[in-house]
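The values are calculated or read from the model by the stated rules, or taken from the named source; none is laboratory data. Keep in mind it's a predicted model, so treat the numbers as computed, not measured. Here the Cβ positions follow ideal geometry from the backbone for every residue, glycine too, while neighbour counts run over all protein chains shown.
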Amino acid sequence: GQSLEQPSEVTAVEGAIVQINCTYQTSGFYGLSWYQQHDGGAPTFLSYNALDGLEETGRFSSFLSRSDSYGYLLLQELQMKDSASYFCAARDNYGQNFVFGPGTRLSVLP
Amino acid sequence: SQTIHQWPATLVQPVGSPLSLECTVEGTSNPNLYWYRQAAGRGLQLLFYSVGIGQISSEVPQNLSASRPQDRQFILSSKKLLLSDSGFYLCAWSQGIRNEQFFGPGTRLTVL
């Protein structure tokens, strides 16, 4: 099985940079994904890391260290619309199922 | 392009009543399909996933069941709802070994 841990809340101001960490324990690991969910909405895919290193997609970047069982999502030039919950998710290497972390609620202040 | 539909959007049901939530995917074939439940302010709990017609894997034993009668249709059911079944139910699909999941708009279920 797999379990993932994230901070429950993060607060930052507009224009700042924020990092959301995710640590995982797995019996098999295929890669780490990140999703964004606004209140009342469905999660939307942001990024995926299969290998160690940094993946950049616009203002968002995601990092993975398989040796440390650790990853993070980096959000730059924060905007008010970035206020949402962010989930890391790991794919089970032995199957087709995904396990989600508990989520980090990001509040962006003016 | 691919789209995923869920209905109904909201549902209020009494304890002990049956449940049927439907999810359909358009624009893709042989998708992997998933049912998740999310309690208010919490993470996503995987309930069922399916890699093909009639193939269902259950992650959490409970009074819910799932079926996949057609390639792009996934149904979540219960014979008798419990208060603890209240939550936000999300259907999702993914394709093959790709690691993106695409979520439907969800059904908010309240059991009274």
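Hey, any hits in the range B:76-83 for a residue that's modelled with pLDDT of 95 or more, part of a loop (DSSP other than H, G, I, E, B) and within 11 Å of chain A (Cβ to nearest Cβ)? Within the range B:76-83 (the criterion being modelled with pLDDT of 95 or more, part of a loop (DSSP other than H, G, I, E, B) and within 11 Å of chain A (Cβ to nearest Cβ)), the answer is no, since none of the residues qualifies. Here A:ALA90 meets the list (1) at pLDDT 95 or above; (2) touching a Leu at 6+ places or on another chain (Cβ under 7 Å) almost entirely, failing just condition (1).
Yes or no: the range B:20-32 includes at least one residue that is assigned to a loop (DSSP other than H, G, I, E, B), touching a strand residue (DSSP E or B) at 6+ places or on another chain (Cβ under 8 Å), at pLDDT below 95 and of a type in the set (Val, Ile, Thr). Break it down into steps so the answer makes sense when it comes.
In the first step, residues of the range B:20-32 are kept if they are assigned to a loop (DSSP other than H, G, I, E, B); the result is B:27-31.
Filter once more, so that each one left must be touching a strand residue (DSSP E or B) at 6+ places or on another chain (Cβ under 8 Å): B:27-28, B:30-31.
Now restrict to residues that are at pLDDT below 95: B:27-28, B:30-31.
Keeping just the survivors that are of a type in the set (Val, Ile, Thr) gives B:28.
So far as the range B:20-32 goes, yes, one or more of its residues are assigned to a loop (DSSP other than H, G, I, E, B), touching a strand residue (DSSP E or B) at 6+ places or on another chain (Cβ under 8 Å), at pLDDT below 95 and of a type in the set (Val, Ile, Thr).
Quick one: which strands (runs of 3 or more DSSP E) sit completely within the range A:1-92 and have at least 1 residues that are within 22 Å of B:GLY96 (Cα to Cα)?
Values: elements: A:2-5, A:9-13, A:18-26, A:32-37, A:44-49, A:53-57, A:60-65, A:70-75, A:84-91.
Output list reads A:2-5, A:18-26, A:32-37, A:44-49, A:53-57, A:84-91.
Determine the pairs where a residue that is facing chain B (nearest Cβ under 10 Å) and in contact (Cβ under 8 Å) with a residue 24 or more places away in the chain, located within the range A:26-46, has a partner that is buried (at least 20 other Cβ atoms within 10 Å of the Cβ) and of a type in the set (Lys, Arg) with Cβ atoms under 8 Å apart, the partner being 6 or more residues away or on another chain. That search, which allows pairs on different chains as well, returns A:TYR30/A:ARG91; A:GLY31/A:ARG91; A:SER33/A:ARG91.
Which of the residues that make up the range A:47-56 are within 11 Å of another protein chain (Cβ to nearest Cβ) and either in contact with a Ser or Thr (Cβ under 8 Å, 6 or more places away or on another chain) or crowded, with 17+ Cβ neighbours inside 10 Å (or both)? Spell out how you get there, then give the answer.
The first filter runs over the range A:47-56 and keeps only residues within 11 Å of another protein chain (Cβ to nearest Cβ), leaving A:47-50.
Residues satisfying the conditions are A:SER47, A:TYR48, A:ASN49.
In the range B:92-112, what residues are among the hydrophobic types (A, V, I, L, M, F, W, C), more than 9 Å from chain A (Cβ to nearest Cβ) and under 17 Å from B:THR3 (Cα atoms)? Once the filter is applied, which keeps residues that are among the hydrophobic types (A, V, I, L, M, F, W, C), more than 9 Å from chain A (Cβ to nearest Cβ) and under 17 Å from B:THR3 (Cα atoms), the range B:92-112 yields only B:TRP93.
Name the residues in the range A:57-69 that are surrounded by 15 or more Cβ atoms within 10 Å (Cβ to Cβ) and either farther than 20 Å from A:LEU106 by Cα or in contact with a Cys (Cβ under 7 Å, 6 or more places away or on another chain) (or both), would you? Spell out how you get there, then give the answer.
The initial filter retains those residues of the range A:57-69 that are surrounded by 15 or more Cβ atoms within 10 Å (Cβ to Cβ), namely A:60-64, A:66, A:69.
Passing the criteria: A:LEU64, A:ARG66, A:SER69.
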